[in-house]
Structures are given as structure tokens and as C-alpha cells.
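Contents: one structure, followed by commentary.
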Amino acid sequence: MDLQKFNILLVEDDENLSIVLEDYLEMLGYKIVLCRDGEEGIEAFNKYPFDLCILDVMLPKKDGFALAGEIRRINLDTPIIFLTAKSLKDDRIKGFLVGCDDYITKPFSTEELSLRIKAILKRCMNKNQPGGFSGDGCYQIGIFTFDFINMILSAEKSVINLTKKEAALLKILFEYKNQLLPRDIAMKRVWGSNDYFIGRSMDVFIAKLRKYLKTDPGISITNVHGAGFKLEVFE
């Protein structure tokens, strides 16, 4: 993976930490735009294209949650990592609800941050051609072959004809394989909206997909309460 292709927005108000992170990430080959508050962060996001955003939660002028919300209104796909001194469950859930992809609690090692960045960028690079994608619209999910174009999920002894919504939801789950798929992103990409009734409908579709995939014990769709879903495939 050529790191020089990736632009990262870093929004961190701690002067010492921000300098250390900027120097470290530039040493790894990333191009960094550093901002010190939420308002600077959204101005930079509107001005430059970014492949990843790293946001401190406690920021002056506009906190990380508010900043992430504005970023998500502009772009649903740019991955977001939160940096926070807090480890409270409610804060983590709030972070995932506004659309973050990962959450790192301070203090953390630069190596840990590097590994998480690489994992997220690799997933994003593979979004259009994810691992297990054959190039003809088919995906391999455990023992199943998922033909997205023809909306068929098949295994050795079964063939399941999917609805359009089931196929679209399974595809985005697979794009986020072994990663959290935030509820609002799934609803907006599959249904085009994220209201309460669509959320209840999506839960029904998730239950159906769970039922279809249950014959492979190496596959699970877990519900991360209040945040989203995770398709886990143990290979």
C-alpha cells in the first residue's frame, strides 16, 4: 500500500501531541493537514480531499462529535478515527452513531495508531473490490457464494433468491467485513434515509440475512447496540 497516496486530516488541540503525531505520520509517508480546533477542521475538509480524518473528541469551538457530524453530512464514506481521553461506553456509542470507524483511547502508542490507520485504509481501498470479490459481481462469504448482480446467495446444498434490499444490505455488510457498519450509513446507502421506521425495517432484514447465513458457523452478524452491525467471517 503506497502511503504517499493518502491525505489525512488531523484535528488535535494538544500542541505537543499534535506535533508528535504530525511528524510521525509524515515520517510514515502520509500527507498531513493539521488543525487545532473544530472550525479549522471543517474548513480544511471543505477545502481539500482527504482519505482519512483523525479527530480529537475534546476540541475548542466545535467538538469532535459535532465536527464528525458535519463531515458525515458532506461525505458518508471518508473514514473517521476518534482520539479521546475518555473510555466511557456512552462516548464510544455516541462516536459510532455520528459515523466514526474507530475509537482510540489516550494514551496510545503510535504503532497502534499506525496499524489502525492501515487497516481502515486497506478496507477502503478494497471497498469496490473487497477481498473475496471475483470481479464478476460475485463474493465469497465463508461457504457461500454471493452473486450480487443476480441477487443469489448459494452454497453446496442451497440456493436463496434475495430481494433487492437484502442483496444491497449484504453487499455493504461485506464491504465492512469484520468492521463496524454504522446504522446510519447502512440506512442511507440502502434506503436513502435514516428515520425510525426504516431502522426497524433494517433490523428485520438483518434477521433474515442472519437466518440465511446460519449454516456456516464461521459467519456471524452481530448487533453493536445503538451503533450498528458487524459481519464477522472467521476464515
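The values are calculated or read from the model by the stated rules, or taken from the named source; none is laboratory data. A quick note: this is a predicted structure, and the numbers were derived from the prediction, not measured. Virtual Cβ from ideal backbone geometry, glycine too; neighbours counted across all protein chains shown.
Out of everything in the range 206-235 that is among the hydrophobic types (A, V, I, L, M, F, W, C) and under 15 Å from V159 (Cα atoms), what residue ends up being surrounded by the most Cβ atoms within 10 Å (Cβ to Cβ)?
Ranking the qualifying residues of the range 206-235, first place goes to L213.
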Do you know which of the residues in the range 47-86 that are of a type in the set (D, E) and in contact with a strand residue (DSSP E or B) (Cβ under 8 Å, 6 or more places away or on another chain) is surrounded by the most Cβ atoms within 10 Å (Cβ to Cβ)? D56
Of (1) surrounded by fewer than 19 Cβ atoms within 10 Å (Cβ to Cβ); (2) assigned to a helix (DSSP H, G or I); (3) modelled with pLDDT of 90 or more, A167 satisfies all except one. Which? (1)
Can you tell me how many residues within the range 189-200 are outside any helix (DSSP H, G or I) and small (G, A, S)? 2
Hits in the range 141-157 - residues which are modelled with pLDDT of 90 or more and within 18 Å of D216 (Cβ to Cβ): I141, G142, I143, F144, T145, F146, D147, I152, L153, S154, A155
Per the filter on the range 85-105, residues in contact with a Ser or Thr (Cβ under 6 Å, 6 or more places away or on another chain) and within 20 Å of S18 (Cβ to Cβ) are T105
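The rows are residues; the columns are (1) part of a helix (DSSP H, G or I); (2) within 15 Å of the chain's Cα centre (by Cα).
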{"position": "F174", "(1), (2)": "yes, yes"}
{"position": "Q179", "(1), (2)": "no, yes"}
{"position": "M187", "(1), (2)": "yes, yes"}
{"position": "M202", "(1), (2)": "yes, no"}
{"position": "F205", "(1), (2)": "yes, no"}
{"position": "K208", "(1), (2)": "yes, no"}
{"position": "I221", "(1), (2)": "no, no"}
{"position": "K230", "(1), (2)": "no, yes"}
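Return yes or no: is I81 β-branched (V, I, T), touching a helix residue (DSSP H, G or I) at 6+ places or on another chain (Cβ under 8 Å), not assigned by TED's automatic domain parsing to the domain that holds H225 and not in a loop (DSSP other than H, G, I, E, B)?
It is true that I81 is β-branched (V, I, T), touching a helix residue (DSSP H, G or I) at 6+ places or on another chain (Cβ under 8 Å), not assigned by TED's automatic domain parsing to the domain that holds H225 and not in a loop (DSSP other than H, G, I, E, B).
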Looking at the range 115-140, which of its residues are at pLDDT 85 or above, crowded, with 17+ Cβ neighbours inside 10 Å and not hydrophobic (A, V, I, L, M, F, W, C)? R116, Y139
Odd one out for D216, checked against (1) touching a residue at least 40 places away in the same chain (Cβ under 8 Å); (2) among the acidic types (D, E); (3) not in a loop (DSSP other than H, G, I, E, B): (3)
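How many of the residues in the range 3-34 are touching a Pro at 6+ places or on another chain (Cβ under 9 Å) and closer than 21 Å to A85 by Cβ?
Keep residues of the range 3-34 that are touching a Pro at 6+ places or on another chain (Cβ under 9 Å), which gives 7, 13.
So of that shortlist, the ones also closer than 21 Å to A85 by Cβ come out as 13.
Adding up the residues that qualify gives 1.
To keep it simple, each residue is scored yes or no on (1) at pLDDT 85 or above; (2) under 23 Å from E15 (Cα atoms).
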| residue | (1), (2) |
| --- | --- |
| D56 | yes, yes |
| G64 | yes, yes |
| L67 | yes, yes |
| E70 | yes, no |
| I74 | no, no |
| T78 | yes, no |
| L83 | yes, yes |
| V98 | no, no |
